[in-house]
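I have placed the structure first, in the form of structure tokens, so that the comments after it can refer back to it.
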Amino acid sequence: MLRSKQFNWASDEDGSTTILSLFLFLIALILGGLAIDFNKVISERTQLQVAADSAAHAALYTREKNGSEAAVAKALETVTDMLPESQFGSTALMTTDVNFGVWDKSELTFLENADSKTAVRVQAMMKQERDNASRNLLLRLIGQDTFDVGVESVYSTYFPGCFTEGFVAEEVVDIQSNNSFTNGFCIHSNQYVSMNQNNFFEPGTVVSMPNVEDLDIPKSGFDKNDGLQTALRGGKYRLRLLNQLPDIIESFWSAKAEHLPPYVSPGYYYDVDLKEFPGLPPDEPKPKGNTNSLNPYHFEPNTVNRMSCGGSGKITMDAGLYEQFVFISDCEVKFSNGVILEDVVIATTDTGAASLNSPQGLQIGRYDNCAPGGGATLMTLGGFRAASSLSVHNGQILAIGDIDFAANAGGVKGASFVSYGRIDGTSNMDMGYCQNSGMENAYRAPYFRMVN
């Protein structure tokens, strides 16, 4: 008689491999899901971040000259092809995700302000509540259907120090010998900087160009130019202000408010007449002067003054103190010895190499040791040339052509020269730095950078 074998569930091992295989399969599925779906999420997050960065830059760039609605529209337009609806849905970036405000550099925080043009925050999202969450491929088999993904980008405007006080040129900046540069002063060329010897650079000065190896100095240049090696920096700037210069000058003809200094009333202009003296006090006799030149009394204060010479016409400004007005012309303007410009903007559309020129003794800005106010700006679609004894005190020269000058020793304190051509300076000058004081009315164009 055969005895039946009793089955022992506790000790029987038949089928255990199948159960173990199921556990291993689930573990492999989870690990594979983590690898595949997480990589998918990381890829989508990267695409969202690039799109948010691009939208933020486009929005802030557009906001400079346009309203907030146009800037937001530009931001959304910029990322249309970057966030295809088939993958990111139609709500990854919405108008409410683009907000203007102010970036607090000390606290590293963004403060919303709809009227601001200085910073923007853009948020891009793939979330359940927007019905566009990132959908998993494998993890959904274990109940994890989606992931939420969100990114943020903050852009802010800034003004490079070189454009506030310094010499900046698209072509060569050539400085000779025996010059002194104070802490904070900047020399920049988008080609290279050239100098001789016996120049002194205080700690904190900057000498920059795209490739510092292109610096043009004598063989003993570093030994004979104290502080130069420490001051060297690599970099390049787009000259945004000069790109805008033709439009700025053009706006003066109609006295538009956008680019006028605070001491000039917008919407009103005066056509200069050599026979009329609107700036003359009532109790003073009319000056006899040169009928082919201008003196301070020819200008109406607090107003845009206009003058057309026609063709290649020229006009001379006689010695005297000129203040509190804008002068726009198409003339070549010559400044006589003894011309002093304070709280004045003088602009010309003349494109000659010396469309603004002085034989000697021109003073740009008030000689007040960097006190607020009193600055002056010269603008030209041509070049500037001062043969000798130029003094600059919170003064600015903006030129599409070259800037060629010889300054007084100690005659430069607070200066911004920007040229699309060359800048050539002579020897024996002290370039002082005013820490932006007295440059309140200097013209600047914002630059844009990511801050968060």
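Among the residues of the stretch 167-185, what is the count of those that are open to solvent by less than 30 Å² (accessible area, probe 1.4 Å) and at pLDDT below 95? Residues that pass the stated criteria total 6. Contact map, the stretch 278-291: residues that are assigned to a loop (DSSP other than H, G, I, E, B) paired with residues that are modelled with pLDDT under 85 and open to solvent by 80 Å² or more (accessible area, probe 1.4 Å), Cβ distance under 9 Å, separation 6+ or inter-chain. Pairs shown: 280/286. The set of residues in the stretch 189-206 being β-branched (Val, Ile, Thr) and within 17 Å of residue 219 (Cα to Cα) consists of 193 alone. Scanning the stretch 186-230 for residues that are assigned to a helix (DSSP H, G or I) and of a type in the set (Lys, Arg) turns up just one, 224.
When the stretch 398-422 is limited to residues that are more than 20 Å from the chain's Cα centre (by Cα) and among the hydrophobic types (A, V, I, L, M, F, W, C), the one that is nearest to residue 374 (Cα to Cα) turns out to be 412. Just name the residue that is nearest to the chain's Cα centre (by Cα) out of those in the stretch 304-314 that are without any contact (Cβ under 8 Å) to a residue 40 or more places away in the chain and surrounded by 21 or more Cβ atoms within 10 Å (Cβ to Cβ). So the residue we want is 305.
Number of residues in the stretch 302-339 that are among the polar types (S, T, N, Q), in contact with a Ser or Thr (Cβ under 7 Å, 6 or more places away or on another chain) and farther than 20 Å from residue 280 by Cβ equals 2. Filtering 371, 387, 399 for residues that are over 13 Å from residue 335 (Cβ atoms), open to solvent by 10 Å² or more (accessible area, probe 1.4 Å) and of a type in the set (Gly, Ala, Ser) leaves a single hit, 371.
Answer yes if at least one residue in the stretch 57-65 is of a type in the set (A, V, I, L, M, F, W, C) and more than 21 Å from the chain's Cα centre (by Cα), and no otherwise. So far as the stretch 57-65 goes, no, none of its residues is of a type in the set (A, V, I, L, M, F, W, C) and more than 21 Å from the chain's Cα centre (by Cα).
Mind listing whichever residues of the stretch 231-249 are out of contact with any strand residue (DSSP E or B) (no Cβ under 9 Å at 6 or more places or on another chain) and either surrounded by 14 or more Cβ atoms within 10 Å (Cβ to Cβ) or not in a helix (DSSP H, G or I) (or both)?
244
If the condition is being open to solvent by 20 Å² or more (accessible area, probe 1.4 Å), touching a helix residue (DSSP H, G or I) at 6+ places or on another chain (Cβ under 8 Å) and not in a loop (DSSP other than H, G, I, E, B), then the stretch 250-274 contributes 258, 259, 269. Annotation note: Cβ proximity below 7 Å between a residue of the stretch 410-436 that is over 17 Å from residue 203 (Cα atoms) and a residue that is among the hydroxyl-bearing types (Ser, Thr, Tyr) (sequence gap 6+ or interchain) occurs for 411/391; 416/164; 427/177; 436/164.
Cβ-Cβ under 8 Å, sequence separation 6+ or interchain: first residue in the stretch 234-246 and more than 19 Å from residue 192 (Cα to Cα) and of a type outside the set (Asp, Glu), partner loosely packed, with under 13 Cβ neighbours inside 10 Å and modelled with pLDDT under 95. Which pairs? So the pair list comes out empty.
When only residues in the stretch 145-160 that are open to solvent by 40 Å² or more (accessible area, probe 1.4 Å) and among the hydrophobic types (A, V, I, L, M, F, W, C) count, which is nearest to the chain's Cα centre (by Cα)? Among those that are open to solvent by 40 Å² or more (accessible area, probe 1.4 Å) and among the hydrophobic types (A, V, I, L, M, F, W, C), it is 159. Among residues of the stretch 403-433 being in a loop (DSSP other than H, G, I, E, B) and within 30 Å of residue 63 (Cα to Cα), the one that is least open to solvent (accessible area, probe 1.4 Å) is 421.
When residues in the stretch 96-129 are screened for being loosely packed, with under 12 Cβ neighbours inside 10 Å and of a type in the set (Ser, Thr, Tyr), 2 of them pass. Spot the failing condition for residue 80; the list is (1) farther than 25 Å from residue 43 by Cα; (2) out of contact with any helix residue (DSSP H, G or I) (no Cβ under 6 Å at 6 or more places or on another chain), and only one is missed. The one condition residue 80 does not meet is (1).
Look at the stretch 375-395: where a residue is β-branched (Val, Ile, Thr) and a partner is at pLDDT below 95, sitting 6+ places away or on another chain with Cβ atoms under 6 Å, you get 392/412; 392/415. Residues that are touching a helix residue (DSSP H, G or I) at 6+ places or on another chain (Cβ under 7 Å) and either basic (Lys, Arg) or within 12 Å of residue 327 (Cα to Cα) (or both) within the stretch 275-301 are absent altogether. Total residues in the stretch 48-87 satisfying the condition of being assigned to a helix (DSSP H, G or I), free of Cβ contacts under 8 Å to residues at least 60 places away in the same chain and charged (D, E, K, R): the figure is 5.
The values are calculated or read from the model by the stated rules, or taken from the named source; none is laboratory data. Since the structure is predicted, the reported quantities are computational estimates derived from the model, not experimental observations. Here Cβ is always computed from backbone atoms with ideal geometry, including for glycine, and neighbour counts include all displayed protein chains. Surface areas here come from the heavy atoms of the whole protein model, side chains and all, with no ligands, DNA or RNA. Shrake-Rupley method; radii C 1.70, N 1.55, O 1.52, S 1.80 Å.
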